[in-house]
Every structure is written in structure tokens, then in C-alpha cells.
Amino acid sequence: MHPAKAARLKALQRHAERLQRRIARLDVRSNRYSWLRVAIFATGLTLGLALGLARDWRLGLFSFILALLLFSGVAAQHRRLEAHLSRLRLLSRLLRDQQARLRIDWSAIAPLPPEPAGSESQPDHPFERDLDISGPRSLHRLLNTASTSQGSQRLRSWLLSEDPDLSTILHRQALVAELVPLRLFRHRLQIESRLAGGQSGILRSEQLQARLQQEQPNARLIQSLILMGSLNLATLILLAGQLWLHLPPWWPLSAALSLLIFLLRRRDAGDLFEEAFELQSTCAQLSAIFAYLERRRFPGQPHLQQLCQPFSASQLSPARALRHLSLLLSLASFGQNLLLTLLLHLCCPWEFLIALRLNAWKARLARQMPRWLETWFELEALCSLATFADLNPDYHWPEFIVPDPSDPATSDQRPSLLYEGQGLGHPLLPPDSKVVNDLALRQGSAIAIITGSNMAGKSTFLRTVGINLVLANAGAPVNAQRLRLTPLRLFACMRINDALTEGASYFYAEVRRLRALLDAIERPAAAPLLFLIDEIFRGTNNRERRIGSRAYLQALAAAAPRCAGLLATHDLDLTQLADTIPGISNYHFREEIHNGAMTFDYRLRPGPCPTTNALTIMRLFGLPVPESESSDTLPSPKSDQERARKQAPQQSEET
């Protein structure tokens, strides 16, 4: 493990241990509060009964009321302590989760929030399944610290972006870089978001916005309000006339008429109780987090200040507005009790007043709520990337090569295609066993054929190259000592599944995928494309596979500089294409066998692979292999040996 990462892990462990000791002390105090509440209530009840029976009932009642007041004060203190404890327990879980993310311990990493309908994995996506972007052991789960499904899906959409926009990437990098040192802010935001999302992690923001935009006609409400108000006033005047002026009792008639009109026109106010039930809990959840974001200031962080402007610069205070709406909804919930509702409407047109005020506040909130929610979800996704950067101090920010705007000769030109990585590692592999490698793909040497023995690391290296490009395009740091690149799209052909429901074979699915790759390369006005192909045409016979592979590689080479990429294969005949097609280079992984045991160092080396190990693996697992046959050591062609000496990359080291 990298020393900086090991130091970060130790700091997290120390923080978690201190927090656990604090929680234990507060748990003891909470238990004492529980016993104190029992003692106060029991003492007050006993003393009240004793004094009431032995002396005076008023003295007993007074002592019991005094005990109840003391009990209420202690209960309030206990509730505050329990609320504080619940936040500390959440923080403790967050710290344990961060340790698991740092060690890549999938059993302890928090699961993803429930996905909304329609967000399943896309089978035709250029790289989602191939590179483990989504799923239970995926890049999305490793990065995601968002507590709401909306924030999690925002992060996922960044990881699955197919068309990189350089200005968006650089702006997101700046935001994440400003968030990295703000650990307390990220922890507080995550805790408040967890509390707002509830146990399910789903904030029903769509239903909230739909309810805010749903208004009852104000004209009908005003008519009902005037009519009901007039009848209520008449009832009160007639009642007062009977009591003081001894007029005939006409007020029951006006009261009955007002109740009849209320029942007939109640639908003008809509179903206030249903609306209150749906919105009240959501508003209470949002008010706490909006209040925190409204109070928070970001001195020296201009990008964060601009992002959070809807909270800090809004004329309508988000937290105050939600608290006011929550109060109105609480008043509207009286409609659950029909008897109480009828009694209220004898005095005033209660529901029509509340409905009119609700319409006014809903109209104000409907204009602002989308901006507030969007900012919150954006912050959740950005904090996920910032936490990833904070937990991995050995990762570095990618360097995007862009034309110099001050140079008129190059400002309007697209830079030459480049992907140059030093110390590339796979972020989903545990840091203790990770091996890093170097790679350079540039115009004139844009296609690398990777050969190697079984289990030597070819597929993992392809995924390493691709997943670091995904991180770079999302605005996150990459698992590399250095990564210089131009904006690149990504397309992978690594996991081809038989489409059984469509009656399609593996080979048919692979051909369709490779055709989609060529179509993506030929898209006009798009960024260059980095392709990753693992074992091309493995679904057919050897002869036709070789013919098709050669033709396909020739087509890819002819498409340069619109594309670059890697092709992993066991077919050593394909390595000879480097002698005839410019821009193709050979690299390989190899194994070593000592005393019948096979070992791998997972180092990328120049040139074709000089060895094979299939027969050795079969023999190690007890499969029948003729004694006269053995895995071969293959001589490298002279041209490949010379090219290997010229193109030998700097040897990589273990992390």
C-alpha cells in the first residue's frame, strides 16, 4: 500500500476509535437519563397521591404537575442527546465505510441506494458492462457516497457519459478539488442527506414538485371563502343576539346552512389531508439540510460559492419557506378528524383559508424547488468524487492536452490524439496486490496488440486503461502517477453475451458489437475514440477468425487519427501486422514456472509474447495432456525485437 494511503487509513482508524469511545460515554449518559425519567415520574406520582390522600388534593395535584414539568425538561434533554447520538452513530458508520472503500472490502462498503425504475444497466452501452461501471462490485458503488437515489444516479450518469466535454470536465475537476479538504462539510452533508432520504434512500422529489405545481383554482376558493365567511359571521351575530338581545334562536339555521355549503363545496379546497400527509414528512426532511446549505459559506472556493448560490443568494429563504409550508400542512392535517373539522367551520372557513395560503406558498416554492434540489443532488455526486480523491492521496488529476488559446496558429485546431499513462493501476483492485504499468498511445503509434499467457493480466490491463479514462471524463482523479490525454470517447468489446431471447449467437452478438464500434469511430464532429477489444472473433473457427481479425485491424489502423486502442489476443499471428501496418505496436504479459508452480508478475513488456501456458495449466489441473507436448517458448521475430528495444516503456512498479 502506498505510504500516503496507509497514513490516511490509520487516521481514519484513530478517528473511528475516538468516536466509538465518545459514543460509549454518551450511551451511558442516555441510560442514566432513561432511569432518571422513570424515577421522576414514579416519585411525582407517588408523592402526589400521598399528599392528595393524606393532606390536600390541591397540594398533591401541584406536586404531580411540578414533577411532570421536571419530567418534560429531562425528556427534552434526553431527546436532544439521542438526536446527537444518532448523528454520531451515522458518522461512525461513514468512517467504517470509508475504511472499507480504501481497502476495497466489498463486504463492508455501503450498498447503493435503490435505483428508480428505468435505470437498469444498458446492454448496448459502449462500456458500462465491459468495465464494471454499474453493479454490486462496480466503480459506481466504490465511488458513491450519495445517500439519495437522485444523487447516486447523477454520479452514475457522469461515469456513463459517452461524449466528453472538456469545459464540463475541467469545471467539475475544480469543484471536486475545492471539496477535497472540506471533510467536515462532506460528512455533515452526507449525514443530513441520509436523514432526509430516510431508510429507503429515496426522496420523492418528483412527487414533491408535482404537488407544488398542482393548484386549486383561486377564483373558486375565494368564492367559497366569501360565502362561508359570510355565513360564519351571520351565525356569530345571531348567537350574540340571542345571548344578549334575547332574539329568537336563528343561529342554528345559519350554522347548519354553513356546514351544508362546506360539505358541498369542500372539493374546491382539494384533498388537503392527503396532500398534507404526502408533503409534510418530505418538507421536514428537506428543511434541515436546506438550512445547513443556506448557512454554509465557502470563502476562498469560488466554484462552490457559485454552485450554492441558489441557497445563499435566493430572496426566498429555503429553510424558512419549507418550515412555513410544513406549518400550513400541519394545520391542514386537522381535516383527518371530521368532527373537529365541522366544529372549526362553525367559526371560520378553515380549509378554504388554508388552501388559499397553500396555493400561494406552493406557487413560490414551485419556482425555486427545482434549483434547490438540483444543487443538492449535484453536491452529493461531487462529494462522492471528492471523498474518492481524499481516500486515495496517491491518485493524481489527469492532464488534458488542449490547444493554446494565445497561439493563433493552434487555437482552432484539435490536438493530436494522446493517451499517455505512467503507473496505471486498476482502482477496483485491493491496493496491497495491485501492480501498475505504463502505456503510451499517440498518433503514429495508436494501436497496441497485447498478447500473453492465460491469466497473465491482459483483460485486467485493458480494463485499467478504460476505467481510468472513465474517471478522467467524470472529473475525478485517476489511479496513475501521471495521465496525459486528449478528450477521448470510449468503446469496449470485452463482455459479449449471447442474446438468447433474440435467438442470437455469441458470434452474431460480437459482430454486431464490432460494427457498432466502427460506426462510433465514423461519427462526425465527435472526439477521437479509444477502443478496447478482448479476444476478437472468438466465436468462430481459427481460419475465419484470423482473416476477419486482420481485416478489422487494418480498418482500425486506417481510421487513425480518429481512434486509438488496445486489442488483447492469444492469436500470435496477429502480432505480425506490426511489420506491415504503420501505427501498430506489440506488447505482452508473461508467466514464470518454478518447480511446477506458475507465477505472474503482471508487468507489461514490449514485443509479442514469447511463451504460452495453456498445456501447462491443463496439466496442473489434472487434464489429460500428452507427455510429449508442452507449452512452447516462441521466438520473437527480429523486427519485433528491434521494435521492442525502441519502444520499451519505463518498467512499472507495484503500488
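The values are calculated or read from the model by the stated rules, or taken from the named source; none is laboratory data. The shown structure was predicted, so the numbers you read here are calculated from the model rather than taken from an experiment. As a convention, Cβ positions derive from the backbone with ideal geometry for all residues, glycine included, and neighbour counts pool all protein chains shown.
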- Message: Looking at HIS125, HIS84 in this structure, which one is exposed (fewer than 14 other Cβ atoms within 10 Å of the Cβ), at negative phi, in contact (Cβ under 8 Å) with a residue 12 or more places away in the chain and over 17 Å from the mean Cα position of the chain (by Cα)?
- Response: HIS84
- Task: Just give me the residues in region 92-111 being of a type in the set (A, V, I, L, M) and farther than 20 Å from SER149 by Cβ, in sequence order.
- Result: LEU95, ALA100, LEU102, ILE104, ALA108
- Item | Qualifying position, being of a type in the set (A, V, I, L, M, F, W, C), out of contact with any Gly (no Cβ under 7 Å at 6 or more places or on another chain) and not in a strand (DSSP E or B), among ALA564, ALA516 | ALA516
- Message: So SER152 passes all but one of these: (1) without any contact (Cβ under 8 Å) to a residue 40 or more places away in the chain; (2) under 25 Å from ILE191 (Cα atoms). Which condition number does it fail?
- Response: (1)
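In region 3-14, is there at least one residue being farther than 30 Å from HIS396 by Cα, modelled with pLDDT under 95 and in a helix (DSSP H, G or I)? Steps first, please.
Within region 3-14, the first condition is being farther than 30 Å from HIS396 by Cα, and the residues that meet it are none.
For region 3-14, residues farther than 30 Å from HIS396 by Cα, modelled with pLDDT under 95 and in a helix (DSSP H, G or I): absent.
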- Query: Can you name the residue in region 149-184 that is of a type in the set (D, E, K, R) and within 24 Å of ALA525 (Cβ to Cβ) and is also surrounded by the most Cβ atoms within 10 Å (Cβ to Cβ) among such residues?
  - Reply: ARG172
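Answer yes or no as to whether GLN207 is at pLDDT below 75, surrounded by 13 or more Cβ atoms within 10 Å (Cβ to Cβ), assigned to a helix (DSSP H, G or I) and within 43 Å of the chain's Cα centre (by Cα).
Working: at pLDDT below 75: yes; surrounded by 13 or more Cβ atoms within 10 Å (Cβ to Cβ): no; assigned to a helix (DSSP H, G or I): yes; within 43 Å of the chain's Cα centre (by Cα): yes.
Considered against the rule, which asks whether it is at pLDDT below 75, surrounded by 13 or more Cβ atoms within 10 Å (Cβ to Cβ), assigned to a helix (DSSP H, G or I) and within 43 Å of the chain's Cα centre (by Cα), GLN207 comes out as no.
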- ARG89 meets each of (1) part of a helix (DSSP H, G or I); (2) farther than 19 Å from SER34 by Cβ with one exception, condition (2)
